[in-house]
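The values are calculated or read from the model by the stated rules, or taken from the named source; none is laboratory data. All of these numbers come straight from a predicted model, not from anything done at the bench. Positions of Cβ are backbone-derived with ideal geometry, glycine not excepted, and every protein chain shown enters the neighbour counts. The area values use the complete protein model at the heavy-atom level, side chains included, leaving out ligands, DNA and RNA. Shrake-Rupley method; radii C 1.70, N 1.55, O 1.52, S 1.80 Å.
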Amino acid sequence: LFRSKLLAEAHAQNPKDENFCGIMAEFYRIMGRSVLFSAAGDAAKEKEAAQWFKKALTALDEQLELLNAPINFTPKQLEIPPVNLERAEMQMMLKDYQAAINTLTAMLRQDPENKVLLLNRAISELQLNQLDAAKRDYETLEKMVPEPSHMIYYGLAQIAQKKNDKPAEIRYDKLYLQYAPTNTLEFTNMTQQLRKLGGH
């Protein structure tokens, strides 16, 4: 908290420094992730993490505003996409999935081949049960990636489960298990789910 206070004081002395806003956002993001990692279901800690993520989002909004301001009549366009991506990630951490979808959709208009943007949008759509939109994004990604991706199969399996499409769920569960790392809770859960479905 002392470092946070120092950052805020330093920012007050340099309110127009967009790089400093970025440093603040990164500090808040790291603090939030650290608290969330140690939360283990503790609601108070999760709330504290959310406060850090909100601070990060505010700093990123401020950085974006400064980057968009014309300096010598040209905004710093190249620095804007990474800031927007961080904003979308903070929105996802805060479970504001619709805001994340809006941010990512605007970015995809400028960069339609960006796989990270597409994956994050698919994840956000799935969280909001926008199943058809999520399926479209995951299937688009599947065509774009050069090698099979367990993350895509995981998403498609989740969609199939929510749609009660058992054959598709079994197919994507098997594909996920074929390509995913085995030492994760996700892998264990998927193995159990496939057994339940009678596909193993």
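Out of all the residues in the stretch 143-200, which are part of a helix (DSSP H, G or I), open to solvent by 60 Å² or more (accessible area, probe 1.4 Å) and under 25 Å from residue 132 (Cβ atoms)? If the condition is that a residue be part of a helix (DSSP H, G or I), open to solvent by 60 Å² or more (accessible area, probe 1.4 Å) and under 25 Å from residue 132 (Cβ atoms), then 143, 151, 154, 161, 162, 166, 167, 171, 174, 179, 186, 189 are the ones that fit. Among residues that are over 18 Å from the mean Cα position of the chain (by Cα), closer than 25 Å to residue 33 by Cβ and β-branched (Val, Ile, Thr), residue 184 is included.
Yes or no, residue by residue, for (1) under 14 Å from residue 26 (Cβ atoms); (2) modelled with pLDDT of 55 or more; (3) loosely packed, with under 11 Cβ neighbours inside 10 Å:
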| residue | (1), (2), (3) |
| --- | --- |
| 46 | no, yes, no |
| 65 | no, yes, no |
| 70 | no, no, yes |
| 76 | no, no, no |
| 80 | no, no, no |
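Within the stretch 123-134, the only residue that satisfies the criterion of being surrounded by 21 or more Cβ atoms within 10 Å (Cβ to Cβ) and over 15 Å from residue 95 (Cβ atoms) is 134. The C-beta contact set for the stretch 172-200 (first residue hydrophobic (A, V, I, L, M, F, W, C), second residue at pLDDT below 90 and loosely packed, with under 11 Cβ neighbours inside 10 Å, distance under 8 angstrom, 6+ apart or interchain) is empty. When the residues of the stretch 85-109 are filtered to those that are of a type outside the set (A, V, I, L, M, F, W, C) and without any contact (Cβ under 8 Å) to a residue 24 or more places away in the chain, the one that is farthest from residue 46 (Cα to Cα) is 109.
If you filter the stretch 83-122 down to residues that are in contact with a Phe, Trp or Tyr (Cβ under 6 Å, 6 or more places away or on another chain) and crowded, with 21+ Cβ neighbours inside 10 Å, you find that the one that is nearest to residue 30 (Cα to Cα) is 90.
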